[in-house]
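Every number in this text was worked out from the coordinates using simple rules, so none of it is lab data. In this text the structure is predicted, and so the values were computed from the model without any measurement. Here the Cβ is made from the backbone with ideal geometry for all residues, glycine too, and neighbour counts use every protein chain on show.
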Amino acid sequence: MSTTRISGRRSAILPTLIIAAVLVVAFAIFTSFWTDRLWYQSMDFGTVFTTMLVTRIGLFAAFGLLMAVLVGGNAVLAYRLRSQTRLGPPTSPLLERYRELLDARLVWVVLAVAVLVGLFAGGAAAGQVDTFLAWRNGTPFGVTDPKFGLDIGFFIFDYPWWRFVASFVFTALIFATLVAAVVHYITGGLRFSGPGRGGSGTAQAHLSVLVGLAVLVKGISYWFDQYGLEIANTTLGGDAFTGINYTADNATVNAKLILSVIAGITALLFFANAILRRWVIPTIGLTLLILSSIVLGIVYPGAVQYFSVRPDEPDKERAYIANNIAATRAAYDVDTVEITDYSAKTQASAGQLRSDAEALPGIRLMDPAVVSPAYEQLQQVRGYYKFAPTLDVDRYTIDGAETDAVVAVREMDVTGIEGQNWNNLRTVYTHGYGLVAAYGNKRQSGGEPEWIVRDIPPQGKIDEHEPRIYFGEMQTDYSIVGAPEGSPPIELDTPGGGDSGNPTTYTYEGKGGVSVGSLWHRLLYAAKFADVNILLSDRVNSDSKIIYDRTPRERVQKAAPWLKVDGDPYPAVVDGRIVWIVDGYTTSNSYPYAQRVGLNAVTSDSQTTAQGTNVVAQPDTNINYIRNSVKAIVDAYDGSVKLYEWDETDPVLQTWKKAFPDTVLPKSEISADLREHLRYPQDLFKVQRSILARYHMTDPYNWYLQSGLWEVPNDPVGGANSTAKETPYYLSVKWPGDADPIFSLTSVYVPRGRSNLAAYMAVDADAASPNYGKLRVLRMSDTTQIDGPGQTANAMVTNETVAERLRPFQQGTAQATYGNLLTLPVGGGLLYVQPVYTQRQGSSGSYPALRFVLARFGQQVGIGDTLQEALDQVFAGNSGATTGETDPTAAPSPNPSGSPSPSTSSSPDNPAAARALDEAKTAFEAAQKALTAGDLGTYQTEIEKAEAATERAAKAMGR
């Protein structure tokens, strides 16, 4: 008796565990779904969530039901059409048991099979949300393809959807045929061997119709295949080629049409066989179709290619190459690039830069990829703050002049928090504080950045703004913020400024985040983040909000899932707020004839591959169309996302605007302040420079010969063994023939497999400019060699004067670090400029300080403490232009109104001033010796002594 009870309990445990597991999984799925809904609602993008959800459910239900009905319905039909007399001799005992099971459990068996295949089919269809929405809302391009005369929109929006539908229906019919055949076999309506081989009349009719339908759908697919040839990958001249070539046009297209006709005839034969029941004829038709697909689809095109095209490929393929070139240049928006032949001078003479003087102060000496440690040491303030490893370049109007700035925000770094407990990590250290900006072309006397805005609270020349950073590139964990009015604030706001020098605290007042004031929401988020403290902590109150998904890229990506997002968002102060500016791209891989490229491959460079970089690589996907269609901003305080229409002519953007109405704001709503900070995006420029490496050649014959191929050089700063491509640089460039310098994004090319310079490329990157987006290329002469970046870097470091100046930083305690190698078209040639930083080794408090500047024009190399000095060395003692720098070796002037210099003659009438000036002079001399020896610690100490002595002299002289 007891054994029976124990056995009963054990038998009940397994179902209980299964039910519990199912409930846990169901709750986890529901939690993910519901919290996503809450997140989208908090962002005011609820329609995106609803549209995606409803579309996904609709596709799942429609295609899942279609599959289930086709498979289940034909299984039931096959059972109902079963013959009362079975064919052949008695079947095996196993088959008899299957027959009995089918007779007794028909409904459940069919239901199980139908549900199973329906779930798989529905899941596959639910993954086609983007394809369906694009088809449903497709917008014409107004441009037709050269082969069929169809609008480009058909290939981008319609063709992918119809291909999926045809493939799905064909698969469903194959499954239905197989299931029906199995049922007919079990019920005795089919025999495949032995006496009585064959099938009943009803079974034959049923299967004939199903196979006929499958063949008919295959015929439709053959018809669609001819359009797919325009976006198919093939080879031409040994290289990848997208689009129809000669063989496809003259052989494969015709083969697809013939196969489509043969498939249609074969389908009719199968339909006829439902009545005639003579399998020989439809089988012959099916065999003919298979053989034809081999002969017409493989053998015939191969013969045409080998015997007709290959001997005369350049001539036979000329028209198709022309189509590919035109389509590729249009799809990547490089069809209006301005290419100018440039006979670059290689001889430097005095005064040569006089006509380009306005461009020289715009040469950025502060390398965003190098100076982050200087920001850390000089502006970090506390260990729980952090700056991004790679900083950003922006522009601000300072003292009435537009100035290039290197900018960063002081974000929260939870790894630097001393008390690593839940309350501190989630409710106290919730946000960073303040934007820091420095001049791109200036430095302090010690080589440190010259600050535009600095410190906590922010001090400087940028208008007052909301400084708190709740959303940023390094804010990857969730925080719980907010409290009822009158509650004591608990969030750390600033490290000082409170009573008795204590930190100040703050309570979040922004609209961002999801409310977790209710027990239900707390339970959901405790489950989502697997953190019971959300449910138990008293710090989670009725007004609390949880903020998560805090990086600018993921917020924009979730708000606009149809966009690809630039890998380098950048912060800016816009209309009194710190915002992240994020560029969004619409892409496609179905533009007829346009060359397909790997997005990750063409956008990867030395920044995306650097260790610990914050510049994110693009996904590994193929595209052959791209537009910077959206400019997005993410508020650093409340996380709100705004999407602004940028490329108003982009049909892909118009399609997604119809799919997700009211989510993209019109371009006219971009404020003047925001427009001043918008710039040409890096990833788009990288894609375009990759395309132009070959597609600057517009003549099909030259394109085929590949004699003029370019490539992006490896970054010389990475060393001789580096394979990472040189990153493009934002610079103010004065283009030859222009009156004024323009904020530009620049890059260079070298010939394929060589190191000399082939071309210089730039785009007008200033969104406020009427020529924004204008691509221009200077093509170097083939008769004169201009050294490329790698050759120039080698010439600089091996120059005797440079080697002598840098020797103390190769053997001493301080080491030299080379910054970005910049290239500018000035003086009728190409000028290379490279900053050199020095940094003491083996010290946690060290940071790179700008110490030297290298310059090269032609074969002349200069090195100086300033850019001015380096340029004057290169150009025979006088470059003819002034860079506007401050000499770092000169005495600093703490009092702008006029402090005495250490070089000022001592006055016998004022012995106190004389003594102070002598002390300052001695300290400056000691500082210079320490700097030369690489002892930055002593250098900084002596500089401080000199500054203090200079101030004493000024006071003694009554200044």
Sort the stretch 589-687 into rounded, prolate or oblate with this rule: let a ≥ b ≥ c be the square roots of the eigenvalues of the Cα gyration tensor; rounded if a/c is under 1.5, and if a/c is not under 1.5, prolate when a/b is larger than b/c, oblate otherwise.
oblate
Each label point is 7 Å from the Cα along the Cα-to-Cβ direction; what then is the distance between the points at LEU178 and TRP422, in nm?
5.0 nm
Result row for the chain, helices from DSSP H with C-alpha axial extent 18 Å or more and mean Kyte hydropathy at least 1.6, is 106-126, 253-276, 280-294
Any idea what the relative contact order of the chain is, in percent, if you count C-alpha pairs under 8 Å spaced at least 6 apart?
11 percent
Between THR723 and ASP239, the FRET efficiency computed from the C-beta separation at R0 = 25 Å comes out, to the nearest 0.05, as 0.75
Taking amide H atoms as placed 1.01 Å from N in the peptide plane, list the residues 5 or more away in sequence, or in a different chain, whose amide H sits under 5 Å from that of SER879.
GLY351, ASP872
Quick one: Cα centre-to-centre distance for the stretch 414-485 and the stretch 6-74, in angstrom?
41 Å
Name the long-range amide H neighbours of THR504: under 5 Å, sequence gap of 5 or more, or other chain; modelled H, no Pro or chain starts.
ASP493, THR494, GLY496, GLY498
Taking neighbour Cβ counts within 10 Å as the exposure measure, how do ARG318, ARG354 sort from fewest upward?
ARG354, ARG318
Distance in nm between label sites at ALA530 and THR476, each 7 Å beyond Cα in the beta-carbon direction?
1.6 nm
Working out 0.36 nm times the residue gap between ARG807 and SER843, then minus their Cα-Cα distance, what length gain in nm do you get to one decimal?
10.9 nm
Using label points projected 7 Å from each Cα along Cα→Cβ, tell me how many nm separate ASN794 and ASN541, to one decimal.
6.8 nm
Ranking VAL861, VAL616 by Cβ neighbours within 10 Å, fewest first, what do you get?
VAL616, VAL861
Using a Förster radius of 22 Å, what is the FRET efficiency between ARG354 and GLU402 based on their Cβ-Cβ separation? Nearest 0.05, please.
0.50
Could you tell me which of rounded, prolate or oblate describes the stretch 359-451, using a ≥ b ≥ c as the square roots of the eigenvalues of the alpha-carbon gyration tensor, with rounded for a/c under 1.5 and, failing that, prolate when a/b is larger than b/c and oblate otherwise?
prolate
Relative contact order (percent) for the stretch 783-874, with alpha-carbon contacts under 8 angstrom and 6 or more residues of separation?
21 percent
Order 371-377, 289-295, 346-352 from most to least packed using the mean count of other Cβ atoms within 10 Å.
371-377, 346-352, 289-295
The long-range amide H neighbours of VAL393, using H built 1.01 Å from N in the peptide plane and a cut-off of under 5 Å, are VAL407
Value of [θ]222 nm, deg cm²/dmol, for the chain, DSSP H segments ≥ 4, -39500 (n - 2.57) each, nearest 500
-12500 deg cm²/dmol
With DSSP loop assignment and no more than 16 other C-beta atoms within 10 Å, the trypsin sites (Lys or Arg not before Pro) in the stretch 397-480 are LYS461
If I compute Kirkwood radius over Cα pairs in Å from the structure I just sent, which labelled value in [x] 33.4; [y] 29.4; [z] 30.8 lines up?
[x]
Rounded to whole angstrom, the alpha-carbon centroid of the stretch 612-656 lies from that of the stretch 769-823 at a distance of 33 Å
Quick note, the stretch 284-393: a/c under 1.5 would make it rounded; otherwise a/b > b/c is prolate and the rest oblate (a ≥ b ≥ c, C-alpha gyration tensor); here it is oblate
